[in-house]
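Okay, structure first, notes after.
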Ligand SMILES: NC(=O)c1ccc[n+]([C@@H]2O[C@H](COP(=O)([O-])OP(=O)(O)OC[C@H]3O[C@@H](n4cnc5c(N)ncnc54)[C@H](OP(=O)(O)O)[C@@H]3O)[C@@H](O)[C@H]2O)c1
């Protein structure tokens, strides 16, 4: 599979990585099935797994997805040292909801817990999950800079950020990657300039929810433009959309989630799909209803 740079100071990874969230939130599969899905993705060649401490059901379940990823890597027969694991800190799951806590002391505790859950001495890529409105960005990023200086994390990433926030964070520590939402349904990363900016700086752009997320992705097979391109090429609607996202810039890496082996393998196949300029334009100009 094609590899792309995860950003300065970070390794190259396959342009399609695995998004771990659906394996650990509501409607998650049995853990044995989840490990099978992860193994199928790795066997098919994916070298990036994206996880987070908060991919779980609630604050008493923190680290569920990280522990699952660690178990899958331990039990995998391939070369687990080649697999890059990206995790995140700075959020909490009170009563199963989503909240922020990116105070420096909390980020440090979260990173220590992630190291333990992942069963490793160093995290390949540690991402600030989102900017905490109660904590200056500089304080949160300063904590990540300290963790990097101490050798607990190899590379620092940001998530859910604007161009000005990337610039501010870059004053403090080298930012390797940015993870923001990008799909035909949600294009703010293109319109707000984050994809262009990261491309210009050589920063990796991890496109999250690249097929629209758990609900909207189900509408893709019925989308007239996407379905017609899929039929023409003999591929899935999801593969068409992943190829469209990957085509937006050479630094874009997609991290689709999957709870089934079939979906994970279909996403791997998307790496080989090439859309014509006409197909790209048709999707660019199409409406994607959020209803
Ligand atoms: N940084 C952040 O704030 C943030 C936020 C959201 C997500 N993320 C990351 O991004 C990853 C992906 O986002 P997401 O899970 O929200 O949304 P997504 O990848 O757009 O969609 C996930 C769902 O789409 C289905 N799907 C994916 N590829 C498919 C294919 N090729 N064919 C058919 N169905 C397919 C899967 O269904 P099944 O489950 O039925 O297989 C999957 O659960 C997450 O897992 C997480 O790692 C990050």
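The values are calculated or read from the model by the stated rules, or taken from the named source; none is laboratory data. Everything numeric here is computed off the predicted structure, so don't read it as measured data. Here Cβ is always computed from backbone atoms with ideal geometry, including for glycine, and neighbour counts include all displayed protein chains.
Worth pointing out:
- Considering (1) in a helix (DSSP H, G or I); (2) within 16 Å of the ligand (Cβ to nearest atom), the lone condition that residue 115 does not fulfil carries the number (2).
- Checked against (1) under 30 Å from residue 220 (Cβ atoms); (2) within 17 Å of the chain's Cα centre (by Cα), residue 123 passes all but a single condition, namely (1).
- If you go through segment 156-168 and keep only what is away from the ligand (no atom under 15 Å from the Cβ) and under 12 Å from residue 203 (Cβ atoms), you end up with 163, 167.
- When residues of segment 18-56 are limited to those that are over 19 Å from the mean Cα position of the chain (by Cα) and in a loop (DSSP other than H, G, I, E, B), the one farthest from residue 130 (Cα to Cα): 30
- Matching residues in segment 197-206 - criterion: being crowded, with 16+ Cβ neighbours inside 10 Å and farther than 24 Å from residue 47 by Cβ: 197
- Here the condition is being over 27 Å from residue 28 (Cα atoms), at pLDDT 95 or above, more than 8 Å from the ligand (Cβ to nearest atom) and assigned to a loop (DSSP other than H, G, I, E, B); of 249, 282, it holds for 249 alone.
- Exclusive hit being free of Cβ contacts under 8 Å to residues at least 60 places away in the same chain and either closer than 20 Å to residue 154 by Cβ or touching a strand residue (DSSP E or B) at 6+ places or on another chain (Cβ under 7 Å) (or both), set 47, 14, 77: 47
- Breaking point among (1) within 17 Å of residue 263 (Cβ to Cβ); (2) in contact with a strand residue (DSSP E or B) (Cβ under 9 Å, 6 or more places away or on another chain); (3) surrounded by 15 or more Cβ atoms within 10 Å (Cβ to Cβ), for residue 93: (1)
- Residue that is surrounded by the fewest Cβ atoms within 10 Å (Cβ to Cβ), among those in segment 220-249 that are within 21 Å of the chain's Cα centre (by Cα) and over 13 Å from residue 273 (Cα atoms): 249
- Flag if residue 72 is farther than 19 Å from residue 181 by Cα and within 15 Å of the ligand (Cβ to nearest atom): yes
- Checked against the criterion of being within 21 Å of residue 1 (Cα to Cα) and more than 9 Å from the ligand (Cβ to nearest atom), the candidates 44, 26 yield just one match: 44.
- For segment 211-244, the tally of residues that are assigned to a loop (DSSP other than H, G, I, E, B), within 9 Å of the ligand (Cβ to nearest atom) and free of Cβ contacts under 8 Å to residues at least 60 places away in the same chain stands at 2.
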